[in-house]
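*Asks:* Right, I'll just put the structure down here and ask away after.
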Amino acid sequence: MPIHTRRGHDGKTLIIRIEGRFDFSTHQAFRDAYEHGGTGIHSYVVDLSEATYLDSSALGMLLLLRDYAGGDNATIAIENCNSDVRKILTISNFEQLFTIR
Amino acid sequence: MDVPATESDADSAAANGPLKVLIADDSDSDRLILKTLLTRLGHHVLDAANGHEAVALFHSEQPDIVLLDALMPAMDGMEAAREIKRCAGERMVPLIFITSLSAAEDLARCLEAGGDGFLSKPYNRVMIEAKINAFNRMRLMHQTLSEQRDLMHERNRQLLEEQHMARRVFDNVAHTGCLDAPNIRYHASPLSIFSGDVLFASPRPAGGMLVFAGDFTGHGLPAAMGAMPLAETFYGMARKGFDGADIIREINQKLVHILPKNMFCCGVMVEADFELSQLKVWNGGLPDGWLVGSSAALFRLPSRHLPLGILNAGQFNAEMETIRTCPGDRLLLMTDGVLECSNESGELFGERGVRLAVEGLDTTGRHPFDALMSGIQRFTGSQKFGDDLTLCCVEMDYQEGFAALPAGAVPSILAGPAEWTCMYEVREHSLGEFNPLPLLLHICMEVPGLRRKSGEIYTLLSELYNNALEHGVLELPSEWKYTPEGFGRYYSERALRLSRVSDHYIRFSFHHEPMQWGGRLRVICEDSGQGFDFQNHPVLQSTEMEQIGPRYAGRGLMLLKQLAESIRFHEQGNRVEINYDWYF
């Protein structure tokens, strides 16, 4: 499950793209991705277009990212989820915490 | 713990610690040469002239390495090799054949008999030393691995034992409820000793029950650590008469406090009221609950909230959905282990599986729990579950009605306050936010004679309070509740009016005094509402239960009449006085 990061066009958004299964095995890499994302980051995008699966520990990791990015003040969007992933995010009502599109 | 042997370690081990080497050769001169050579290398040598002797020496001396001549009288090398390997069992004893044979088939037979390698005659000192060192390295590595494996087994055994012990403590906390009630059926298959899933059920002091099903992130010990305070909170508060919303709010707050940021608990809280035929449900992150009607179609109870342990108290919404039920309706709750069961081709059972299993059940009369369980078993076949799996079915039909709470240890019915008075008034916005019943019940329970009657007292207090709140303060017409449409309207209007309530109060006055026969509790409940025409109320006029008209009318009043010694209305009906007697 490789994780790629890049800056958005505005230079202030960190885009984290996850490929394959987003589960506990991704833990360290995901953490590294946002902790070593560099300075001046104002918002985050988690791009799940290549993610096939997401489990509850991935939900936990998203919560960690949210906490890192400022908790209630965090700006995080989760993008391009497939229907399975979308379903899990919906059941957990994560749209209350993240922008899901 | 032993450090795994590296090459230099092993060589130095051979150099430092002499090996016990068993050699077997029927040629006296060859044997002598080999023995001299190995002794000079610093090893301790045992020698045998044939296979029999070799096997006997192996048994008695337990050598580290064996060098065997392939061809010997009495018992040849192959047979001896087989015997020695059998005897060595799990211990790795390198066995090297010394042979002048060179045909591939012969050499292959040596290996098949258990040999690990060859040395060819005539002896070459350098080769022998190198071979013995190489095989000794293997032997030491094997030994280290075996020791580490045994250590791991032992540690794991200890860990499991500790967990089993902890599990007993956990079970004592978690299984104090009424999961064995006749209207509950459940299945729980944990993935490890501690499940990440929890399932609790408790009777409520006023009748009805609370059920909570939850699924912690992960499983095993960390999940159980979170489940302990959850169980304590649930059972402790349920017993005191708190309602589902209060308990779920408290649980959330507790979990926010104790769980790490990336851990949470998906959960469903169900408050079942069999008297009123209604369910209140809060679903945060668990799969849809299903209400399987005895007559009507399926009703879904989807997750509308974030899981527990994420939002702080200010953001958390504990509002429960109210659903009207019919006797015999069955509510199915499940954790996502049910949806994530997979079959041999890796497909998931999913919501579709659940729907297929429970659809159309009302016509067959089959129990939805059985239908779903067998649906899962048929689907998964021989596959093992990959996650904790919990399934629970609550039936809206409970003969016991007012389930008496376990009395607990009541030391004496004479101790405690016998004569006291107390007034408690809830005002303004607190009416919309606060439920005073657990507190009031708690005060009454200080009288041991009343403690045995906690169910009845709670019922009296809650009927008085709800009457005062819903009809007195909020002016909700109870007729609304008689039709399904009105039922929904009643509860949405109740929530709306509660959020706006101000300039109102509900006042409770208690007086308890000892009597010859036990004691008497007088409760006066006043509210700031308009009151009602109690002079012409059918329930209050009638002496016979059968004369009550519509099925749902005045149910609360009827309960009060049944439970209390006397009931009187004052002023314009917004001041109710009841006397409740208890006996030694």
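*Asks:* Restricting the search to segment A:81-101, which residues are facing chain B (nearest Cβ under 10 Å) and either open to solvent by 50 Å² or more (accessible area, probe 1.4 Å) or not in a loop (DSSP other than H, G, I, E, B) (or both)?
*Replies:* Matches in segment A:81-101: A:Asp84, A:Lys87, A:Ile88, A:Thr90, A:Ile91, A:Phe94, A:Glu95, A:Gln96.
*Asks:* Name the pairs whose Cβ atoms lie under 6 Å apart, with the first residue in segment B:331-347 and without any contact (Cβ under 8 Å) to a residue 60 or more places away in the chain, the second in a helix (DSSP H, G or I) and open to solvent by 10 Å² or more (accessible area, probe 1.4 Å), and 6 or more positions between them or separate chains?
*Replies:* Correct list of pairs: B:Leu339/B:Gly350; B:Asn343/B:Phe379.
*Asks:* Between a first residue in segment B:266-289 that is within 14 Å of chain A (Cβ to nearest Cβ) and on the phi > 0 side of the Ramachandran plot and a second residue that is among the acidic types (Asp, Glu) and open to solvent by 10 Å² or more (accessible area, probe 1.4 Å), which pairs have beta carbons less than 9 Å apart while being 6 or more apart in sequence or on different chains?
*Replies:* Listed pairs, sorted by first residue: B:Gly285/B:Asp215; B:Gly285/B:Asp336.
*Asks:* Determine which single condition B:Arg31 fails, assuming it passes every other condition in (1) more than 56 Å from the chain's Cα centre (by Cα); (2) crowded, with 21+ Cβ neighbours inside 10 Å; (3) not in a loop (DSSP other than H, G, I, E, B).
*Replies:* Condition not satisfied by B:Arg31: (2).
*Asks:* Scan segment B:271-285 and tell me whether some residue there is part of a helix (DSSP H, G or I), open to solvent by less than 50 Å² (accessible area, probe 1.4 Å) and within 25 Å of A:Leu89 (Cβ to Cβ).
*Replies:* No, there is no match, as no residue in segment B:271-285 is part of a helix (DSSP H, G or I), open to solvent by less than 50 Å² (accessible area, probe 1.4 Å) and within 25 Å of A:Leu89 (Cβ to Cβ).
*Asks:* Further question: Residues of segment B:305-316 being within 12 Å of chain A (Cβ to nearest Cβ) and surrounded by fewer than 17 Cβ atoms within 10 Å (Cβ to Cβ), which ones?
*Replies:* Within segment B:305-316, B:Asn312, B:Gly314, B:Gln315 meet the criteria.
*Asks:* Could you please find all residues in segment B:213-231 being within 21 Å of B:Leu301 (Cβ to Cβ) and either open to solvent by 10 Å² or more (accessible area, probe 1.4 Å) or of a type in the set (A, V, I, L, M) (or both)?
*Replies:* B:Ala213, B:Asp215, B:Leu230
*Asks:* Here is a list: B:Thr99, B:Thr144. Which entry is at pLDDT 90 or above, over 20 Å from B:His43 (Cα atoms) and among the β-branched types (Val, Ile, Thr)?
*Replies:* Exactly one of B:Thr99, B:Thr144 is at pLDDT 90 or above, over 20 Å from B:His43 (Cα atoms) and among the β-branched types (Val, Ile, Thr), namely B:Thr144.
*Asks:* Another question about this same structure. Residues to consider are A:His42, A:His27; find the one that is open to solvent by 20 Å² or more (accessible area, probe 1.4 Å) and more than 14 Å from chain B (Cβ to nearest Cβ).
*Replies:* A:His42
Conditions (1) within 14 Å of chain A (Cβ to nearest Cβ); (2) under 29 Å from B:Phe274 (Cβ atoms); (3) among the aliphatic types (A, V, I, L, M), marked per residue:
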| site | (1), (2), (3) |
| --- | --- |
| B:Arg324 | no, yes, no |
| B:Met334 | yes, yes, yes |
| B:Thr380 | no, no, no |
| B:Gln383 | no, no, no |
| B:Asp387 | yes, no, no |
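Every residue, every condition in (1) assigned to a strand (DSSP E or B); (2) in contact (Cβ under 8 Å) with a residue 12 or more places away in the chain; (3) hydrophobic (A, V, I, L, M, F, W, C), yes or no:
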residue	(1), (2), (3)
B:Leu450	no, yes, yes
B:Thr459	no, yes, no
B:Leu464	no, yes, yes
B:Leu469	no, yes, yes
B:Glu475	no, yes, no
B:Tyr490	no, yes, no
B:Ser502	no, yes, no
B:Phe508	yes, yes, yes
B:Gly519	yes, yes, no
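*Asks:* Within segment A:1-52, track down each residue that is closer than 20 Å to A:Ala74 by Cβ and among the aromatic types (Phe, Trp, Tyr).
*Replies:* A:Phe22, A:Phe30, A:Tyr34, A:Tyr44
*Asks:* Follow-up. Given the options A:Ala77, A:Ala58, A:Ala33, name the one that is among the small types (Gly, Ala, Ser), within 26 Å of B:Leu311 (Cβ to Cβ) and not in a helix (DSSP H, G or I).
*Replies:* A:Ala77
*Asks:* Same structure, new question: Would you mind finding the one in B:Arg366, B:Arg352 that is assigned to a loop (DSSP other than H, G, I, E, B) and among the charged types (D, E, K, R)?
*Replies:* Result: B:Arg366 is the single residue among B:Arg366, B:Arg352 that is assigned to a loop (DSSP other than H, G, I, E, B) and among the charged types (D, E, K, R).
The values are calculated or read from the model by the stated rules, or taken from the named source; none is laboratory data. If you're wondering where the values come from, they're calculated on a predicted model, not measured in any experiment. Cβ atoms come from the backbone with ideal geometry, glycine included; neighbour counts cover every protein chain shown. Just so you know, the surface numbers come from the protein's heavy atoms only, side chains and all, with ligands and any DNA or RNA stripped out. Shrake-Rupley method; radii C 1.70, N 1.55, O 1.52, S 1.80 Å.
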